[in-house]
Amino acid sequence: MIHTVKHPVPDTPLSTPLLYSTPSSSSSGRSSDTDESPATSFRYDFQDLKFKILNVPASSFHSYKLLANLSGHIGSVSCLALCGEFILSASQGKDIIVWQQPDLRQFTKFGQGEGSVKALVTAGNKVFTAHQDSRIRVWKISRNSENLFRLVDTLPTTKDYLGKFMKQSNYVQTRRHHKRLWIEHSDSISCLAVSNGLIYSGSWDKTLKVWRMSDFKCLESIKAHDDAINGLVASNGIVYSASADGKIKAWGKEVRNTHSLKGILEGHRDISLNSIVVSEDGSLVYGGGSDGYIMGWLGNRNFDSWRVICEMKAHKMAVLCMCLMGEFLCSGSADKSISIWKREINGSLFRTMIIKGHEGPVKCLQASPTRVGGGFMLYSGSLDKSLRVWWVPNYCSTAQITSSIDGTPRISTVSV
């Protein structure tokens, strides 16, 4: 079901959340302490991995390769991000492990706060982490410091607190007999997105908050959903939030960084939507549900002609995470598997392979934008406390898995 809220969409587009820092040129003369992306010392060549990637016939539909099984977390791996030559992974413990490529060794650790790290996103030379203690922490990447990842602020900031705590109108009811400043989340922050100078945070408290990156001031708090927010993504001037209330809501930025509801995409009744991805042009939205289904919608940025184009049983158990890599969609599930899907022109999906190996539910996925040896790198974090690194071929074989939910996979021939 699709609901449309008719408001004009702002003409100024927002950029896609930056989950991978592109190294700047060594001739740029920029200081490593600027807000630009990490400089050339963060650069490395994926072709160094060639020796690990075998030439696999295109007729083999399950020709992925496990390159590494990285251990070191004391708890479940909850989120991942790519930052130049580094992979960042976080878990139930406060420590965030930094892995260096291409040798995939543990480089360092950093972290602070109470409870699990729930979300992790990078932008330029900054890393933003969201925590179970309802705070966002900002880390600066600086090669001029002994601590490569240095804590520079915590949101809400002290300045933001001092400017609001005296005025009673700045307090909101969070639960019976409890009030908080509207700039504070009252429950775990579950997801983050960064776009066009703004930070978006979604929480189990059902709110979506907007922060200005230049001074980390909270600009807006939106009562976005009727249940916990599980996923956020920003694309082409629209911010999408996926919730346990079974809805995906689209928010457009108006003047002075305020946001208004543009449309609602509704999933299955009484089913939580756990993850969301959006195509580069913003015309396709996919949501992963607790019933194991992936649903897809095709439409336009005005939200006046959206329609369901994909509704399929993707996993035996809940879909917990998804990521896009070009024409491929990757989904991770509580059934411990990862599925790789090929997107067709009309937005429908067909499965090209199933990746198995994790001993627990797959909680997070991240694909590298760099092509490697006729494929791409896929990183997966699991409740089995491991981070695994896979090479996935980017060709589509003539052998396609048409069903693997209820038994032995059936193989059929498809036109590619």
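Where a number appears in this text, it was derived from the coordinates with a stated rule and is not lab data. This is a predicted model, so every value here is computed, not measured. With ideal geometry, Cβ positions are generated from the backbone for all residues, glycine too; neighbour counts draw on all protein chains shown.
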Problem - Backbone HN-Hα couplings from phi across the range 214-231 [Karplus 6.51/-1.76/1.60, Hz, Gly and Pro as x] - result: 5, 10, 6, 7, 7, 9, 7, 10, 10, 6, 8, 9, 8, 8, 4, 8, 10, x
Exercise for the section: Just check the range 93-187 against the gyration tensor rule for me: Cα atoms, a ≥ b ≥ c as the square roots of the eigenvalues, rounded for a/c under 1.5, and otherwise prolate or oblate depending on whether a/b exceeds b/c. Expected result: prolate
Fill in the blank from the handout: Taking placed amide H atoms and a strict 5 Å upper bound, the residues 5 or more places from S134 or on another chain that come that close are I189
Completion exercise
Which of K109/K356; K109/K253; K223/K385; K118/K179; K209/K356 exceed 32 Å between C-alpha atoms? The answer is K109/K253; K223/K385; K209/K356
Practice task
Take the alpha carbon gyration tensor of the range 238-370, find the square roots of its eigenvalues, order them as a ≥ b ≥ c, and report rounded if a/c is under 1.5; if not, report prolate when a/b exceeds b/c, else oblate.
Solution key: prolate
Handout entry: Relative exposure of T207, T158, judged by other C-beta atoms within 10 Å (fewest first)
Key = T158, T207
Practice task
Would you mind ranking K118, K126, K217 by Cβ crowding within 10 Å, fewest neighbours first?
Solution key: K217, K126, K118
Problem - Contour excess over end-to-end distance, with Cα ends at I345 and R150 and 0.36 nm allotted per residue - result: 65.8 nm
Handout entry: Ranked list, fewest to most other Cβ atoms within 10 Å of each Cβ, for R307, R256, R388, R150
Key = R256, R307, R150, R388
Fill in the blank from the handout: Sorted on mean Cβ neighbours within 10 Å (highest first), peptides 100-109, 335-344, 178-187, 238-247 come out as 238-247, 335-344, 178-187, 100-109
